[in-house]
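Just below is one structure, and these are the notes that go with it.
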Amino acid sequence: MRRGCNATPPGADLTVVLALTASSNLSNRLDSIVGAGQVRAPTSSEARAADTIVEAASVDEICEIVRMCEADRIALAPVGGARSLAAIRRSPVALGISMTRLARVVAYEPDDMTVVAESGITIGELNTAMSPARQRLPVDPCGPAITPLGSLVGAAHTGPMRLSEGTSRDLLIGVRFVGHGGNLIHGGGRVVKNVAGYDLMKLMGGSFGTLGIITEVTFKVRPIPPEYCLAIVPFARAADAFAAAYILNDALPLSNLDILSPALSTRFNSTSQFLLLAGFSGSPLEIGYQAERIRDLLIARGEILDGDAARSSYELLRDTDFYSAPLSAQIAVPPAHLPQVLATCGVEFRAHAGSGVAQIVAAEEAPADAAAKTVARWREVAHSERGTLRLIAAAPPIRDSLEFFDTPNDGALALMRRLKAAFDPAGIFNPGCFVGGI
């Protein structure tokens, strides 16, 4: 008897065949929404985030995709550079919605110092568009040229400039996203009141795509400083580096204040020493004063870079990669407690000394049980100093044994679950990837 085209070939795994059939059906349905050629397999960097990628070209298409996924309970997630989701998802969602085709500057008012942009535009692209007016969005996560605004907000990315400029949450004044029912929801910015009384900017910040798909954001922007300099000072002991950092932080309005452990400082040709990196900005007169004060306070130790050399070294600091590490985390404690916490954890680190925040990396790769014990110890140390810890990345073989986020108290977790149920009753938005398995 002749075998039909959908029949299982001899020896084939029926599970694989069914999965391929389901994927083909999904692609056909997506083609009817976004047009042929806009549904594709994930790239290597996206493969741990989603099984299938759809390149939506409009908000209306995203609304329709969400309605389809809710009807059939298909899990989905927004995909920008895919670094955050690929580093923490235990298994990929069925569908990743790429935001790369939604990358317009919608409105820019230099006199008001506000900008409205679609979520697929990168920080680098946005800042290039605003550079003729000598303005910028002053956030600096690793790789701003490949970090879309949706990812910036959704994954709460930050960098060294958080000391002086704050985080994306501090600058965000409006947001639009596609939520339950494929509805377009907006708050802040040019509207008078947030939907249902929620502060949508704070809710969407750091939500990792679990409440909806961010499509547009409105930010306050700031002037580009005339000049930037960077003091780089080596220390043999971490305690001495932190002591010097706190002296500088009390004395000067620094742009950034960071300390690198020896393994991470090798990018600056340091010979197994801790590096203090203190950036400062302003007019030539302000720069001259601050440089002189730094020389006095540090007794003329280290060097002070300016111009291209300062910017290049700052970019090395900013672009320290924690996503490709087998196990990395971000720890936040009161600033005065940070040196002791890092010493107790026994890790390599980049510390934002003035903010009490540090990114830490396990000294060596470990099996799942050992990694779980390491994370539990880090978390215990952070909690003992009234701090928090969340994982940035973990190698796939050890992810199932790890909790990526701190578990809040019962009341807070219950509230978070109610918010998830209110915003995502179908449970399709990046499920199982947030606090308490939300």
Study note, to complete from the structure: If each part is reduced to its alpha-carbon centroid, the range 112-147 and the range 251-317 end up apart, in Å, by 25
Practice item. Could you give the spread of the C-alpha atoms of the range 42-171 along their three principal axes, from largest to smallest, in whole angstroms? Key: 47, 30, 23
**Study point:** 0 to 90° range, to nearest 10: angle between helix 410-423 axis and the chain longest Cα axis
**Key:** 50
Review point. Mind listing the Cα extents of the range 96-157 along all three principal axes, in Å, largest one first?
Key: 37, 22, 16
Practice item. Obtain the radius of gyration and the Kirkwood radius of the range 374-433 from its C-alpha atoms and give Rg over Rh. Key: 1.03
Study note, to complete from the structure: If one compares the long axis through the Cα atoms of helix 284-297 with the longest principal axis of the Cα atoms of the chain, the angle in degrees, nearest 10, works out at 70
Exercise for review: Take the eigenvalues of the Cα gyration tensor for the chain, scale each by 5, and report the square roots as semi-axes in whole Å, largest first.
Suggested key: 40, 27, 20
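Roughly speaking, what % of Cα-Cα pairs in the range 251-333 are separated by over 20 Å, rounded to a whole number?
Within the range 251-333, distances greater than 20 Å cover 40 percent of Cα pairs.
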**Study point:** Extension gain (nm, one decimal) between ASP306 and ASN25, 0.36 nm per residue minus Cα-Cα
**Key:** 95.4 nm
Check your understanding: When the helix-only estimate is applied to the chain (DSSP H runs of n ≥ 4, each -39,500 (n - 2.57), divided by the residue count), what is the mean residue ellipticity at 222 nm, nearest 500 deg cm²/dmol?
Key -> -10000 deg cm²/dmol
Review point. Which angle from 0 to 90°, rounded to the nearest 10, does the C-alpha axis of helix 238-251 make with the longest principal axis of the chain?
Key: 80
Exercise for review: For the chain, with a Gaussian network of springs between Cα atoms less than 10 Å apart, report the residue from ASP240, ASP111, ASP199 with the top mean-square fluctuation.
Suggested key: ASP111
Revision key, fill the gap. Once the mean of 1/r over all distinct C-alpha pairs in the range 21-112 is inverted, the Kirkwood radius in Å reads 13.9
Review point. How large is log10 I(q)/I(0) at q = 0.22, 0.24 Å⁻¹ when the Debye formula is applied to the Cα atoms of the range 337-438, each weighted equally and without solvent?
Key: -1.18, -1.28
Check your understanding: Are there trypsin sites (Lys or Arg not before Pro) in the range 200-265 that DSSP puts in a loop and that have at most 13 other Cβ atoms within 10 Å, and which ones?
Key -> ARG237
Practice item. Sort the following peptides by mean Cβ neighbour count (other Cβ atoms within 10 Å, averaged over residues), highest first: 409-417, 390-398, 298-306, 350-358. Key: 350-358, 390-398, 298-306, 409-417
Check your understanding: In nm², what is the average projected area of the convex hull enclosing the Cα atoms of the range 166-290?
Key -> 11.3
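Bear in mind these aren't lab numbers, they're just calculated from the coordinates by the rules spelled out. Model, not experiment: these values are computed from the prediction. Here the Cβ is made from the backbone with ideal geometry for all residues, glycine too, and neighbour counts use every protein chain on show.
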